[in-house]
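What follows is one structure encoded as structure tokens, with my remarks underneath.
The values are calculated or read from the model by the stated rules, or taken from the named source; none is laboratory data. In this text, all values refer to a predicted model and were calculated from it rather than measured experimentally. Please note: Cβ atoms are built from the backbone with ideal geometry, for glycine as well, and neighbour counts cover all protein chains shown. What goes into the accessible areas is simple: the full protein's heavy atoms, side chains included, and nothing from ligands, DNA or RNA. Shrake-Rupley method; radii C 1.70, N 1.55, O 1.52, S 1.80 Å.
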Amino acid sequence: MPRTIVPGFMVVLTGTLLCAEAPRAVVTFECVGLYWRAEGGSDEDTCSVRYRRAGSDDWRQAMPLWFDSRTMSPVGYSGRGETESRPWEHGGEYRGSIVHLEAGTRYEAALRLSSGPRIVIAFQTWSEDFPVARRVEVSDSTQTLVIREGGDKDGYVVYGPPAGRDAATIDVANEHPHCVEVRASYVIIRGLTLKGAQQHGIRLMSGCHDIVIEQCDISGWGRVLEDGWGRNLDSAVYSNANDLERVIIQRNRIHHPRGDSNNWREERPGPGKREPFHPEGPQAVYFSNSAGNHVIRYNSVYSDEDHQYNDIFGAGSNFSVRGFPNCDSDIYGNYLSHCWDDTIESEGANRNVRIWGNYSTDCYIAIASAGTSVGPLYVWRNVSGRMRVAAGDWGGGFFKTSDIMGGGRIYVFHNTVLQPPVEAADRRVNGGARVGIGWGGPVVNTISRNNIWNAREAPFWDKKADPSNDYDYDLYRGALPRGRTHQANGIAGEPTYDPANGDGAFALAKGSPGYDAGLRIPNFNDNFTGAAPDMGAHEAGNAPMQFGIDAYRKQRD
């Protein structure tokens, strides 16, 4: 896997410009985060972006980089809720992402200020073909697998089942804290069935980086406490190491933890707890204040009514410049269900964090950002189904906010809130989200475009009516926020979907509100058909969306 900037990257400067720092690129499989601290940069001096495959003449447009003009540290910089009078280390910087790139491919990006100067930076996305130095056969066992030997950038060490077998099982039967402990780097864990860990299915220790966890089945982990509930934050994959970076979690089946989380109607008091009704219990992935640059994709995470998650993907510190997943990370293509709080808790820095193409259901919140201290955060083409506060009590929001730190930029594009029917005995007819954006706390510096906010109560809860927010070109139901003119090009109404698409398809029917009525957003809806992009997650005429362990597998094999 390439490092942050591939060997041999180049910067070509044209025009007259002094750079406070050289521009840099941080890559994943399908995206790149771009950073440029240009002398004299400002909000008025826009930084446009074009990109191309290396050697091609086909330059494509991407979104402009966002300029962070903040000069002082926001509240909560240290993660302890403190206000620090010191320069904001991320201020004076252009930041943003190019998305939907191809893995293992060399690109060039041209950054140009509206004042004239231009820089070209070259980079290469991660390859999906990992170099392998050697393989270690893992047999069925009741003991913890402790991985102490890894490889290097030229060759990973693969831990998997013996040749000729699809899987090997490690079942520690509640006798050991972990099924697997990783104490090395450049490691691939592949094809293991992990059961019965006392605490965490896989624990990643301090000093680890460049870890791949793929095609595993993890279940039955976690402690049950004296109150009958599961121990908070016991996870299928866990790390509290702040130096952890470049972890890939892909095509795993994560399901049925040993314990259960309380919901928002079930009181769970304890010493020092400010919120006795806040869910606590097991999680699927927990990385606390890591160094970032992770990819979590194409996983199926689910359970049942008696073994619910707290959050599914997440950690802390939420109000800090780290949090989860921190920076330069992608979360996409996952199927996520059965949690009483957030399916994706992306809270903290959110510096060039990208979340797209996920399906969330039977949860309280689909995607949470409380807050985004650095930014930008990109949230696009996600779909939410049934949203629940408690058993039989349908509610919750699609996108949670609570910005108390000064407002990193957030882009919310082409998401779809569904309103699936629920059982006739329930007191509400539909079980989808009550609110599109703003469940939780203040919304700041958020741009909403081309979404279907078919929410039961309102498209937005903008409690502060912050002037930095901008909502337009959405299909929405309910009243708009006060204080500013929003949705000048939006449509008030309800969507109708094309039944010919079948299950797993969310394309609008021809003639539906929102059909061919969206805004062109370079790099985010280049594949639209018709007169204009459709609103919502699924463009009419495109193949059905896919989620979970088998998503888009045929196209990639």
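Taking the criterion of being of a type outside the set (Gly, Ala, Ser), part of a loop (DSSP other than H, G, I, E, B) and crowded, with 23+ Cβ neighbours inside 10 Å, the residues of the stretch 446-468 that qualify are Asn450, Asn451, Asn454, Asp462.
If you go through the stretch 531-545 and pick out every residue that is out of contact with any strand residue (DSSP E or B) (no Cβ under 8 Å at 6 or more places or on another chain) and either basic (Lys, Arg) or at pLDDT 95 or above (or both), you end up with 3.
Could you go through the stretch 193-205 and let me know if any residue there is under 22 Å from Val132 (Cβ atoms), outside any loop (DSSP other than H, G, I, E, B) and touching a Phe, Trp or Tyr at 6+ places or on another chain (Cβ under 6 Å). No, the stretch 193-205 has no match at all. When residues in the stretch 427-449 are screened for being over 22 Å from Gly407 (Cβ atoms) and either more than 22 Å from the chain's Cα centre (by Cα) or not basic (Lys, Arg) (or both), 7 of them pass.
Let's see how each residue does on (1) surrounded by 19 or more Cβ atoms within 10 Å (Cβ to Cβ); (2) within 23 Å of Ser239 (Cα to Cα):
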| site | (1), (2) |
| --- | --- |
| Val132 | no, no |
| Arg135 | no, no |
| Ser139 | no, no |
| Val146 | no, yes |
| Tyr156 | yes, yes |
| Gly160 | yes, yes |
| Val172 | yes, yes |
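Selection of first residues in the stretch 154-165 that are under 22 Å from Ile211 (Cβ atoms) and of a type in the set (Gly, Ala, Ser) and of second residues that are open to solvent by less than 10 Å² (accessible area, probe 1.4 Å) and part of a strand (DSSP E or B), restricted to Cβ pairs under 8 Å at least 6 apart or on distinct chains, gives the following pairs, ordered by first then second residue: Gly160/Ala168; Gly160/Ile188; Gly160/Ile189; Gly160/Leu192. The set of residues from the stretch 489-508 being over 17 Å from Pro420 (Cα atoms) and at pLDDT 95 or above comprises Asn489, Gly490, Ile491, Ala492. Kindly indicate the residue of the stretch 51-70 that is open to solvent by less than 50 Å² (accessible area, probe 1.4 Å) and outside any strand (DSSP E or B) and also modelled with the lowest pLDDT among those meeting that condition. Filtering first and then ranking leaves Arg70. I'm checking my understanding of the structure. Among residues of the stretch 206-220 that are small (Gly, Ala, Ser) and part of a loop (DSSP other than H, G, I, E, B), which one is least open to solvent (accessible area, probe 1.4 Å)? Result: Gly220.
Within the stretch 361-394, being free of Cβ contacts under 8 Å to residues at least 60 places away in the same chain, of a type in the set (Gly, Ala, Ser), open to solvent by less than 10 Å² (accessible area, probe 1.4 Å) and more than 23 Å from Asn469 (Cβ to Cβ) holds for one residue alone: Gly385.
Just one residue in the set Gly511, Gly518 is open to solvent by 30 Å² or more (accessible area, probe 1.4 Å), out of contact with any strand residue (DSSP E or B) (no Cβ under 6 Å at 6 or more places or on another chain) and assigned to a loop (DSSP other than H, G, I, E, B); that residue is Gly511. Every test in (1) surrounded by 24 or more Cβ atoms within 10 Å (Cβ to Cβ); (2) out of contact with any Phe, Trp or Tyr (no Cβ under 8 Å at 6 or more places or on another chain); (3) aromatic (Phe, Trp, Tyr) is passed by Phe324 save one, and that test is (2). Among the residues of the stretch 85-132, the ones that are of a type outside the set (A, V, I, L, M, F, W, C) and in contact with a Ser or Thr (Cβ under 6 Å, 6 or more places away or on another chain) come to 8 in all. Being surrounded by fewer than 21 Cβ atoms within 10 Å (Cβ to Cβ), of a type in the set (D, E, K, R) and at pLDDT 85 or above is true of Arg37. Being under 31 Å from the mean Cα position of the chain (by Cα), open to solvent by less than 40 Å² (accessible area, probe 1.4 Å) and over 26 Å from Asp328 (Cα atoms) is a description that does not apply to Leu113. Residues in the stretch 469-503 that are under 27 Å from the mean Cα position of the chain (by Cα), small (Gly, Ala, Ser) and surrounded by fewer than 14 Cβ atoms within 10 Å (Cβ to Cβ): Gly502 only. Val247 - would you say it is open to solvent by less than 30 Å² (accessible area, probe 1.4 Å) and over 30 Å from Gln546 (Cα atoms)? Judged against the criteria, Val247 is not a match.
Among the numbered conditions (1) under 30 Å from Ala62 (Cα atoms); (2) in contact with a Ser or Thr (Cβ under 9 Å, 6 or more places away or on another chain); (3) in a loop (DSSP other than H, G, I, E, B), the only one that Pro162 does not meet is (1). Scanning the stretch 364-405 for residues that are under 19 Å from Ile312 (Cβ atoms), assigned to a loop (DSSP other than H, G, I, E, B) and among the hydrophobic types (A, V, I, L, M, F, W, C) turns up Ala370, Ala391.
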